[in-house]
Amino acid sequence: MREQERGGGDDGRPGRQELPPQTPEEQARAICLRLLTGMPRTRRQLADALDKRGIPEEVSQEVLSRFEEVGLIDDAAFADAWVESRHRGRGLARRALAQELRTKGVHASLVQEALEQLDSEQEEQTARELVERKLRSTRGLERDKRIRRLAGMLARKGYPEGMALRVVRRALEAEGEEADLDDLGYPGI
């Protein structure tokens, strides 16, 4: 019976019809559209997906170029949206954002343009907010351990060491705890 359902049996029921084989161009378009439906992607992410599925390079480049022409692929817009989303949502700093965008295949000049959205004041304000949220969970720990945890959290999010330690010191001072970073080997911060 399975055979009859697939190809239509000799009992007169239509069954499922087999689709004609798709050309590589049709396959490439279908793959790209399916991937772009879920979320925006960079040209390189789509190129990698097409390569992984065995689409010839010349076909892949042709389809991707056409998708760029009609605005379905826009690495600059992708980078701008990525920076905005990941900075607000996860509190990532410029360095971490740049690394993520490079990993996704965004060209260095587009990465730089997208990162220009963030200025140093905004980045430092986000670092302060992150430390404020984490500060409560470190109460009761010894001072040195608190400093390491808070500065480490900022470092993992891509904040420069100097900024991270400055923000942590100010937060601890505002809380009333003396933060002597000279003792930890960070003089003058």
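Coordinate-derived values only; no laboratory data. These figures come from a predicted structure and were not determined experimentally. Positions of Cβ are generated from backbone atoms using ideal geometry, with glycine treated the same way; all protein chains shown enter the neighbour counts.
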Q: Please work out the C-alpha center-to-center distance from the range 23-43 to the range 99-131 and express it in whole Å.
A: 28
Q.
What does the charge count around L115 come to, taking other residues whose C-beta lies under 13 Å from its C-beta (Lys +1, Arg +1, Asp -1, Glu -1)?
A. -3
Q. Can you tell me the Rg and Dmax of the range 64-153, counting just the alpha carbons, in angstroms?
A. 17.1, 59
Q) Tell me, what is the FRET efficiency for E121 and D48 to the nearest 0.05, using R0 = 41 angstrom and their Cβ-Cβ distance as r? A) 0.65
Q: Would you mind classifying the range 36-76 by shape? Square roots of the alpha carbon gyration tensor eigenvalues, ordered a ≥ b ≥ c; an a/c under 1.5 is rounded, otherwise it is prolate if a/b is larger than b/c and oblate if not.
A: oblate
Q: Would you mind estimating how fast the range 15-129 diffuses translationally, via Stokes-Einstein at 37 °C and 0.692 mPa s with the Kirkwood radius over Cα pairs, in µm²/s?
A: 208
